[in-house]
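Comments concern the structure below.
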Amino acid sequence: MLTFQNPAFLFGLLLLAVPIFLHLIHRTIFRPQKFPSLRFILKGKFPLENKRRLRDILLLACRLLLLALLIGFLAGPRWTPPEALADSAADQPLHIFFVDASASMSGWDQMEIAREEIRQQLADLEGAPVALLVSADRPLVEIPPTTDHQSILRALTEAEAFLVQGQHRESLQLAYRWANDFLSSPGANIHLHTDRQNASWNPSVLPAAPSGLEWHWHQPVEEPRANTAILSVRLRPAAEERQEAVVEIRHFGESERQVEAELHIGDQTITRSLNLLPNQTTRTIIEIDRPTSNRGRLSLEADDYPADDTYHFWAGPTPPVEVTLLDREGLLPSEEAFFLERTLEARSETHWQEFNPNVVQPETFSSENPEQQEVIFLLGTGDQLDDSQWEHLESFVAEGGLLLITTGQNPARQNNILRQRDLLNLETIGVASATPRSGNDTIDWINPETPLGRLFDEEDARALLLVNLFRHARIRVDPEEATTLLRNRDEEPLLIEKPFHDGRIVYSAIGFDTSWSDLPLSGAFLPLIREIMATNLSEDHGIQRVATHLDRTPLARSLQLTPDALALADLSPDEPQALQIGEQPVEINVPREESDPTPTPLDEIEAALMPRGPSPQTAESEEEHLAAISISWRPYLLFLAVAFFLMELFFAASGRPTRSPSKNS
Amino acid sequence: MPTRPPLVDLLSPATLHKVGSLAMIARIAVIGFLSGLDRSISQGQGGEFLQYRNYYPGDDLKYVDWKVFAKREKFYTKVYREETNMDLLIVADASGSMDYQGTTAPCGKWRYASMLAACLAYLATKQGDNVGLYVYQDEFTEIIPPNRRGGNLERVLASLQRQKPGGPANHRAAWQSITNRLKNRGIIVFLSDFLEGENILPPLLNRLPNTRHDCAAFHILDRDEIEFPFSQSTEFISLEENSRLRTYPEYVQEDYQKGMNEFLKTLSEGFRSSQTEYRLLKTDETLAHFLAAYLRRRERLH
C-alpha cells in the first residue's frame, strides 16, 4: 500500500497542467507555402518537423516527470509491502490490564474480584495482544504486549496487593509507552482495575495520556465502603510507674461503630470497647503497667480492610538525646556546665527519655561535630564564636535543632550578636543584682499557656517559685518576637523562647550556676530543663516509624545503615512489626494513607489524564513504526528527478540552433 | 501638369503586369523601349508595304508612287518592311516551378517569362525576323515554327496567353527536339528557371549542329528562391512534384542559400563554357535589360 507523509502536496500534481498547456499553446502551426523546388531545402541539416515533434514530446514528458517526481518527493510516499500490510491488517487493538495493587486493594476482596474480571475479559480477547501491569508504588509486574494470554493469567494469579501507598505515575507512563506502538493503528485500550483510593490517585501527579488511548475503568467494589483504622499508638509515662498508651482510631463510615480494641504488650492484654463516631478520629488512653516487653500490638476487630486494624508499637526505651554544652574555655568545665551535665545524666522515674550531654569548648566546636546533635546549650559563650561557628548554629536551629542560650558574663555583647544575625532581637538594659535592701528576686510568673505552665501546676510550681535569684540580665523583648515563659516580680522576662524556621531558640536571662540563683540546687531545675527540651522533641523522637515497603533502601538511608547491614538485621520490611535495629527502635506498619476508602472522583482523574496536545513520543513512535514496516521512496524519487533533469537539459540544448540565421535579406 | 513616367517604370513588370493583353504589353514595351533608344523599326526592300513618306532628293525613283503623284501632283516614296532570313526561336519552360510567385514579386515567373517572350516576339517581328515559339513541360505543349507568313506574331502571343504552367520540365527532350528543327540562322532564346537542368543543358548547347545559331539563356527566378526569406515554420509544397516538407526556415536557410549559390554558379559556368549568353532575371526586374541584350545580340549576328 502506498501512503504519503504529506499528502497535501499531492494537490501540486495539478501543476502538471501548466507544461501541458504551454506545450499546446506553443504547438507549431505550419504555414503552407508552395515552392518551386524542395531540393535545396532538403540540404538543411536541421531535423525536420517530425524529429522536432518527437523532441518536443520527449521534452514535455521529461518536464512532466520531473515535476511529478519533485511533488512526489515532497509528499513523501512510503510503500508498505503487502506482507507487512497483511500483518498490520491482522493486528487487533492492544488491551492493557492495569491492576492497582496498593494496600487498599487488599481489602474488600478487591484483588480477587479484579482477577476474575480480567480472566473474563481475556476470554473475550482471544488472539488479541494484551499486556499486564500490576502497580503499587511502582510497576510490580510488567508483561509487555503479547498474545500469550497464559503468561498473563499466570502472572495475575501470583499478583497480590502490597501494603504500600499507591503511586501509579511510573506505571502509567510505562503503559503509555506500550500503547504508543498501537495508537495509530489498530488502537489501544487500557483497563484499570482500581478502587481509585484518594491517596493513590492524586490527580496532581498523574501523567497526561497520549491521545487516542481508550480508558475503561473497573471498580471492584462499588461505594459506599466503611473502614476503621488505628492511626497511631504512643506510649508515655504515667503516675505510679505506669504507662499510658495514647491511641488514635479513625472510623471512615457514615454510621457509628462499636468496636473492641485489644492491646497486647508482654503478658498484658487489655481490651477496651470503643464507640467510634462516623468520619471522626477517636483518641483514647489505655493505662498499662510498666511493660515487661519492648514490643506491643493493638488490634481491632477485623473489618473488610484488615491491614490497618493492627498497629505495632515500640514500648521500650528510646535512644538518648545528644546534647552539646558549649562551655567557656578553662581547664575544668564551668559550674553551669557541671550542673547541666549532672542534671541531664540523671535518671528519672517518670521520664524514660535519656540524654547524652557532651561538653565542648568554642575552639573545638565546629560543624564537623557529629550530626546527631539535637540540643545545643550556648552557655554565655556567644562572644567567643567565630562567624563559621555562628553559621553552623544558625543552620542547626533552622533545620530543627534546639538552641538554649544562657546570658553569660557579658549579656550585652552576646545579645548584640544575636540581634545582628537575626536570631533573636533583644534589648539589653543591664544586669540586675540583688541588694541587702531589696532582697533576692524570685520567679513570679509561669506562662500557663505553655507546656511548662502545664507541667508546673499549682503543687509543683511552688518549688520553682521559691527559687532565689541573685542577679539576672535585664532584657526587653517584643511579644511578637518571642514568647515569655518565666517572669520575675518586676515582670521582666527571665526565660523566653522563639521559633526559628524548623527549630527553636530558648534564652535564659539567668545563668545556671549558683552565682546567679539557687535554681541548680533546687528540685525544680531538673524538670525545668527536661521539659524545655522535651517540648522541642517530637513525640516520635527516638522511634523510627516507617511504612511497610518492599524497597529497603529508603529505610536503610533513614537509619543510616547500609542495605547490607539492614539485611543482617533480619528485617522484613513488608511485614508490620516493632523491632530494634542496633539501638534504634523501628515501628513498621501498613501506611494509613490507604485507610480512607473514599475514591478520587473519576472526572478529576480523567481531567488529569486528558491528553495535552499530541504526544511527541507518539509521533516519534508512529514514525518509527512506519519506518519499520514501510519503505520510503524519497531517495529513489530524488535520483530519478536528477536523471530527468539532466535529460531535460539535454533535450532542451539539442533543440537550440547552433548557427545563427543568415541576414542576407 | 502630370509628369511622364520614366522608361524604367513603363518597362517594369509591376507596370506591365497590370496590362492584361500580351499584345498590348509587347507594343508598349517595345515602342517605349525603342523610342527611349531613339531607334526605329528596320526598314528595307521587303515585299510588305509599310507606309508612305515624302520624297527626298536622292531617293530611288522606282519607289515613287506615281499614281499618287498623278492624283495629288506631289511625290511620295513607298516604304516597305525590311525582310530578313533571321529566325527567333523562343523556347519557354512552362513547368510547374514557373508558376511560382514570390511574396514580394509583382508577378509570377511564368507571367514574367510570357511578357518577355511577347516583347521579344513583337520586337523581332517589327525587325523583320521570323518568330517561332516552343513551350514545353514534360513534353512540348506548343510548337509554332518560325514563319514568314503574316499572323505568326498573333499566334505566338495567343499561345503565350493560353499556356498554364504545370508538371515537371524535361529539358533534355525539349532541346533535342528543337535542334532537329533548326534551319535558318537565328537566335535561340531560352526562358526557364533551369531547375534540375544545370548539368543537362550546357553540354547540349555546346553541341549545337549549326554554328549560325546564337543562344541566350534567360534564367528567370523569383527573389524568394534566391534569398529564402521565410521565417515561420512552413510546410513547403513542391510545385512540380507531389511532395511536401515541414521545416523551420531559419534552421535551413544557410544551407539553402549555399545550395542555391552552387546551383547558379554551376549554371553560369556551364552556359559560359558553351558560349551561351546567360542572364539571371528576377521577376521584379525591368524588361529593358532583356530587350537591350536581345538587340545587341541581333546586331552582332546581322
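The values are calculated or read from the model by the stated rules, or taken from the named source; none is laboratory data. As the structure is a prediction and not an experimental result, all values here were calculated from the model. Cβ atoms come from the backbone with ideal geometry, glycine included; neighbour counts cover every protein chain shown.
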Note on A:Pro320: of the conditions (1) surrounded by fewer than 22 Cβ atoms within 10 Å (Cβ to Cβ); (2) touching a Phe, Trp or Tyr at 6+ places or on another chain (Cβ under 6 Å); (3) in contact (Cβ under 8 Å) with a residue 60 or more places away in the chain, unmet is (3)
Cβ pairs under 6 Å, 6+ apart, first in segment A:416-439 and at positive phi, second at pLDDT 90 or above and not polar (S, T, N, Q) = A:Gly430/A:Arg474
List pairs: first in segment A:32-43 and more than 7 Å from every other protein chain (Cβ to nearest Cβ), second surrounded by 15 or more Cβ atoms within 10 Å (Cβ to Cβ) and not acidic (Asp, Glu), Cβ under 6 Å, 6+ apart or cross-chain?
-> none
Just a yes or no: is a residue in segment A:157-176 of a type in the set (Ser, Thr, Tyr), modelled with pLDDT under 85 and either assigned to a helix (DSSP H, G or I) or more than 26 Å from A:Val546 (Cα to Cα) (or both)?
-> no
Taking the condition farther than 23 Å from A:Leu340 by Cα and at pLDDT 90 or above, does A:Asp502 pass?
-> no
Would you mind telling me which numbered condition in (1) more than 7 Å from chain A (Cβ to nearest Cβ); (2) buried (at least 17 other Cβ atoms within 10 Å of the Cβ) B:Tyr256 fails?
-> (1)
Kindly indicate whether B:Ile187 is more than 7 Å from chain A (Cβ to nearest Cβ), surrounded by 21 or more Cβ atoms within 10 Å (Cβ to Cβ) and touching a helix residue (DSSP H, G or I) at 6+ places or on another chain (Cβ under 7 Å).
-> yes
Is it true that B:Gly270 is farther than 24 Å from B:Leu160 by Cβ, among the small types (Gly, Ala, Ser), in contact with a Phe, Trp or Tyr (Cβ under 9 Å, 6 or more places away or on another chain) and within 7 Å of another protein chain (Cβ to nearest Cβ)?
-> no
Which number in (1) more than 7 Å from chain A (Cβ to nearest Cβ); (2) surrounded by fewer than 22 Cβ atoms within 10 Å (Cβ to Cβ); (3) touching a strand residue (DSSP E or B) at 6+ places or on another chain (Cβ under 8 Å) marks the one condition that B:Gln232 misses?
-> (1)
Just for helices (runs of 4 or more DSSP H) wholly inside segment A:406-500: which have at least 2 residues that are closer than 29 Å to A:Glu394 by Cβ?
-> A:411-420, A:451-455
Has segment B:137-156 got at least one residue that is of a type in the set (A, V, I, L, M), surrounded by 21 or more Cβ atoms within 10 Å (Cβ to Cβ) and within 18 Å of B:Leu221 (Cα to Cα)?
-> no
Strands (runs of 3 or more DSSP E) (entirely within segment A:219-276) containing at least 3 residues that are free of Cβ contacts under 8 Å to residues at least 60 places away in the same chain = A:243-252, A:257-265, A:268-276
Considering every residue within segment B:106-121, establish whether at least one is out of contact with any Pro (no Cβ under 9 Å at 6 or more places or on another chain) and basic (Lys, Arg).
-> no
Given the conditions (1) under 27 Å from B:Val91 (Cα atoms); (2) surrounded by fewer than 16 Cβ atoms within 10 Å (Cβ to Cβ), every one holds for B:Arg297 apart from (2)
Sole residue being under 24 Å from B:Leu291 (Cβ atoms), surrounded by fewer than 21 Cβ atoms within 10 Å (Cβ to Cβ) and among the acidic types (Asp, Glu), chosen from B:Asp214, B:Asp193, B:Asp222 = B:Asp214
Is it true that some residue in segment B:92-100 is buried (at least 22 other Cβ atoms within 10 Å of the Cβ), modelled with pLDDT under 90, in contact with a Lys or Arg (Cβ under 7 Å, 6 or more places away or on another chain) and more than 16 Å from B:Ala217 (Cα to Cα)?
-> no
Any residue in segment B:227-242 that is in the same structural domain as B:Ile187 (by TED's automatic domain parsing) and at positive phi?
-> yes
Yes or no: A:Leu140 closer than 14 Å to A:Glu158 by Cβ and surrounded by fewer than 24 Cβ atoms within 10 Å (Cβ to Cβ)?
-> yes
The condition from (1) among the charged types (D, E, K, R); (2) modelled with pLDDT under 65; (3) more than 30 Å from B:Leu153 (Cα to Cα) that B:Arg72 misses is numbered (2)
Taking A:Thr535 as meeting all but one of (1) surrounded by 19 or more Cβ atoms within 10 Å (Cβ to Cβ); (2) modelled with pLDDT under 80; (3) among the hydroxyl-bearing types (Ser, Thr, Tyr), write down the number of the exception.
-> (1)
Going by the conditions given, is A:Glu301 outside the structural domain of A:Pro357 (by TED's automatic domain parsing) and farther than 30 Å from A:Arg225 by Cα?
-> no
Residue ID - farthest from B:Asp284 (Cα to Cα), chosen from residues in segment B:94-127 that are among the small types (Gly, Ala, Ser) and under 16 Å from the mean Cα position of the chain (by Cα) = B:Ala124
Across (1) buried (at least 22 other Cβ atoms within 10 Å of the Cβ); (2) at pLDDT 90 or above, A:Asp478 clears everything bar (1)
Consider B:Thr286 carefully, then state whether it is surrounded by fewer than 18 Cβ atoms within 10 Å (Cβ to Cβ), of a type in the set (S, T, N, Q) and not in a strand (DSSP E or B).
-> no
Return only the number of the condition from (1) crowded, with 17+ Cβ neighbours inside 10 Å; (2) in contact with a helix residue (DSSP H, G or I) (Cβ under 7 Å, 6 or more places away or on another chain); (3) at pLDDT below 90 that A:Ser135 does not satisfy.
-> (3)
Tally the residues that are under 25 Å from A:Ile288 (Cα atoms) and acidic (Asp, Glu), restricting the search to segment A:249-266.
-> 2
When restricted to A:Pro573, A:Pro591, the only residue within 30 Å of A:Tyr305 (Cα to Cα), touching a His at 6+ places or on another chain (Cβ under 9 Å) and at pLDDT below 80 is A:Pro573
